[in-house]
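What follows is one structure encoded as structure tokens, with my remarks underneath.
The values are calculated or read from the model by the stated rules, or taken from the named source; none is laboratory data. As the structure is a computational prediction, the values presented were derived from the model and not from experiment. When we count neighbours, we look across all protein chains shown, and the Cβ atoms used for this are built from the backbone with ideal geometry, even at glycine.
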Ligand code: AMP
Ligand code: ZN
């Protein structure tokens, strides 16, 4: 709110209460949406790693103009329609290791929303229009514009808007409650029949879950105005208390240097990318690689590089967990591991500087790999180096290799959802690769053992990657090489 860097402290004890605006479930989520959701996931994970007890709530907007329109177009009712896309959202979030927040649904909280409107009317902060809709009177909230830093001094008292999104630069009384139009979902409430406006949903559900004042409110930068401005206006004018203490907005993502749009052909859902053969871990890694407040340019090249980065980290971990090391500890490695943990924390504490945190782990990998090659990594260095990787992965969540399994799920979905024609050769190979017979696997394992014996780790890693892509987990222990299917 202050547009300055401030130290973060929770309002109450060790608990962080945080709310993120979730998806409007009218379609599959695109990578812009997931850029924001991943940014909030990182924030959540980092607050938790920092020792806070985080209560993290996200709304599902399951009634709005677009939903009503698209459901009608598809000839299904609103519940069937939104259930399908909410399920997709939950699955897609899991696909890129987003930890599930507590989800709250607009349609399950209608009575408190109507009640909220009634209280605003009582205080003359809202009024009823002739058609039975209710509007918030922004002239009653002189601080209107304080989040977006817009000056609305000359704003028109009484000018109204009833769509969920509107002109970015003008202030209008916004719809709190919309009277039903023929064929639209509506609820009979003491204030009359209708449905809630989008802004009202978030105010009511966030305060209901987290209290009238809470710590953090998050979303993409497009929500600053009017959505969050309106949430502040209606909440603070009713309660007389500050609404959210900190605001977190992820900058909009570009694709190949352009604004993502269907007409430019650069519009991708998460599933589109997996259909093209990209691994979920590459997508997550790429989305985390630019700090949330910076413009991120999403490119195919970037995805390929992200895949290499993830593979490098996974191979490093495998090397640590499967190698044999001389007894003892090397002070250089001990220091390196400890300093890396510090550097990552300092980077993330600085407004979530993910790029710098990734830089720190790669510097560790580079130095430790050089030490490996010189036989300078000792047995007691393994645990601290693994501990640094673990700290990293508590936030970035890319080390466990379950890509093949997840890609197979998308393959199966595409086959049943009429998207067969979009399945790339790459995805098909990955999805069908787990048809490797036991003999095929044993053969590769033998090759791997030979390569390792000759200290040809590159060849060994490549074989392991092939097996991983086929859904085979390889574990190298002191007693030999074991494998199992996922
Ligand atoms: P929606 O489902 O449209 O309500 O959007 C869900 C979330 O995605 C909101 O927080 C939006 O701000 C965010 N969002 C939408 N497009 C982009 C984009 N291109 N880049 C980053 N975030 C986005
Ligand atoms: Zn919201």
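Scanning the range 187-213 for residues that are surrounded by 19 or more Cβ atoms within 10 Å (Cβ to Cβ), assigned to a loop (DSSP other than H, G, I, E, B) and away from ligand 1 (no atom under 16 Å from the Cβ) gives a single hit, 191. The one condition from (1) more than 16 Å from ligand 1 (Cβ to nearest atom); (2) outside any helix (DSSP H, G or I) that residue 47 does not meet is (2). Inspection of the range 404-426 identifies no residue that is more than 22 Å from residue 279 (Cα to Cα) and either within 25 Å of the chain's Cα centre (by Cα) or not in a helix (DSSP H, G or I) (or both). Filtering 301, 272 for residues that are more than 14 Å from ligand 2 (Cβ to nearest atom) and out of contact with any helix residue (DSSP H, G or I) (no Cβ under 9 Å at 6 or more places or on another chain) leaves a single hit, 301.
Here is a yes/no grid of residues against (1) out of contact with any strand residue (DSSP E or B) (no Cβ under 8 Å at 6 or more places or on another chain); (2) closer than 22 Å to residue 66 by Cα; (3) away from ligand 2 (no atom under 13 Å from the Cβ); (4) without any contact (Cβ under 8 Å) to a residue 60 or more places away in the chain:
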| position | (1), (2), (3), (4) |
| --- | --- |
| 179 | no, yes, yes, yes |
| 202 | no, yes, no, no |
| 213 | no, no, yes, no |
| 234 | no, no, no, no |
| 241 | yes, no, yes, yes |
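Pick out, from the range 265-350, the helices (runs of 4 or more DSSP H) lying fully within it that include 1 or more residues that are free of Cβ contacts under 8 Å to residues at least 40 places away in the same chain and farther than 25 Å from residue 404 by Cα.
Answer list for the range 265-350: 331-349.
Taken over the range 8-38, the residue count meeting the criterion of being farther than 16 Å from residue 89 by Cβ, away from ligand 2 (no atom under 15 Å from the Cβ) and crowded, with 23+ Cβ neighbours inside 10 Å is 2.
Does any residue of the range 60-67 turn out to be buried (at least 19 other Cβ atoms within 10 Å of the Cβ), modelled with pLDDT under 95, over 14 Å from the mean Cα position of the chain (by Cα) and not in a loop (DSSP other than H, G, I, E, B)? Yes. Taking the range 215-232 as the range and being free of Cβ contacts under 8 Å to residues at least 60 places away in the same chain and either more than 20 Å from the chain's Cα centre (by Cα) or away from ligand 1 (no atom under 16 Å from the Cβ) (or both) as the test, only 231 passes. Annotation: residue 455 fulfils all but one of (1) on the phi < 0 side of the Ramachandran plot; (2) exposed (fewer than 15 other Cβ atoms within 10 Å of the Cβ); (3) out of contact with any strand residue (DSSP E or B) (no Cβ under 7 Å at 6 or more places or on another chain); the unmet one is (1).
Rundown of residues vs (1) out of contact with any strand residue (DSSP E or B) (no Cβ under 8 Å at 6 or more places or on another chain); (2) at positive phi; (3) in a loop (DSSP other than H, G, I, E, B); (4) modelled with pLDDT of 65 or more, yes/no style:
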site: 142; (1), (2), (3), (4): yes, no, yes, yes
site: 146; (1), (2), (3), (4): yes, no, yes, yes
site: 149; (1), (2), (3), (4): yes, yes, yes, yes
site: 152; (1), (2), (3), (4): yes, no, yes, yes
site: 155; (1), (2), (3), (4): yes, no, yes, no
site: 158; (1), (2), (3), (4): no, yes, yes, no
site: 170; (1), (2), (3), (4): yes, no, yes, no
site: 175; (1), (2), (3), (4): no, no, no, yes
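Candidates are the residues of the range 247-274 that are closer than 27 Å to residue 7 by Cβ and surrounded by 19 or more Cβ atoms within 10 Å (Cβ to Cβ); the one that is nearest to ligand 1 (Cβ to nearest atom) is 250.
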